[in-house]
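Working notes, beginning with the structure itself.
The values are calculated or read from the model by the stated rules, or taken from the named source; none is laboratory data. Computed from a predicted model, the values in this text were never measured in an experiment. A quick note on method: Cβ atoms are made from the backbone with ideal geometry, for glycine too, and the neighbour counts reach across all protein chains shown. Heads up: the accessible areas ignore ligands, DNA and RNA and are worked out on the full protein's heavy atoms, side chains in. Shrake-Rupley method; radii C 1.70, N 1.55, O 1.52, S 1.80 Å.
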Amino acid sequence: VLSVLFFMQQTYFDPNRFMAFCEGNPAYRTTFVGLIQNMVVKSPEQFDAALQAWQEHRVDDAARVFHTMRGSMSTLGATAFVELSRELETAIKSAQSEETNRLFVEMEMVLESTLAQAQEWLNQQAET
């Protein structure tokens, strides 16, 4: 129960650093909001593709998905995802099965929390 509360209270998504660049420029802001919407829609599919690749012993493919996701999501403010994905990518590449499987479970929780906070942020933007 404590770990669930920790996941719920932690900040997973904070786009404020990038949003500062959008200040006063509606076109940048619109583009950035669109990128976050895209992340919310596509990230679960990417995660599933990485998990499937790992289960099919396609180590390079699994690692590549997380590498790509990390680059995109770090720009958008998904801080917790970035740190954990680095660990997961390393575990995948070194074929540490037990550690990789554990990290996939943890990553799924982090991704869900990240996307929930991103969706909450999007909802707030729609209200303003």
- Query: Quick one: which of 40, 59 is in contact (Cβ under 8 Å) with a residue 40 or more places away in the chain, farther than 18 Å from residue 21 by Cβ and not polar (S, T, N, Q)?
  - Reply: 40
- Query: Condition test on residue 95, is it of a type in the set (A, V, I, L, M, F, W, C) and outside any helix (DSSP H, G or I)?
  - Reply: yes
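Yes or no, residue by residue, for (1) at pLDDT 90 or above; (2) in a helix (DSSP H, G or I); (3) more than 16 Å from the chain's Cα centre (by Cα):
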| residue | (1), (2), (3) |
| --- | --- |
| 4 | no, yes, yes |
| 8 | no, yes, no |
| 24 | no, no, yes |
| 29 | no, yes, yes |
| 45 | yes, yes, no |
| 52 | yes, yes, yes |
| 65 | yes, yes, no |
| 68 | yes, yes, no |
- Residue count, the range 52-72, condition open to solvent by less than 50 Å² (accessible area, probe 1.4 Å) and within 21 Å of residue 12 (Cα to Cα), comes to 5
- Matching residues in the range 78-101 - criterion: being crowded, with 16+ Cβ neighbours inside 10 Å, over 11 Å from the mean Cα position of the chain (by Cα) and of a type in the set (Gly, Ala, Ser): 91
- Query: residue 75: closer than 26 Å to residue 126 by Cα, assigned to a helix (DSSP H, G or I), open to solvent by 80 Å² or more (accessible area, probe 1.4 Å) and not aromatic (Phe, Trp, Tyr), yes or no?
  - Reply: no
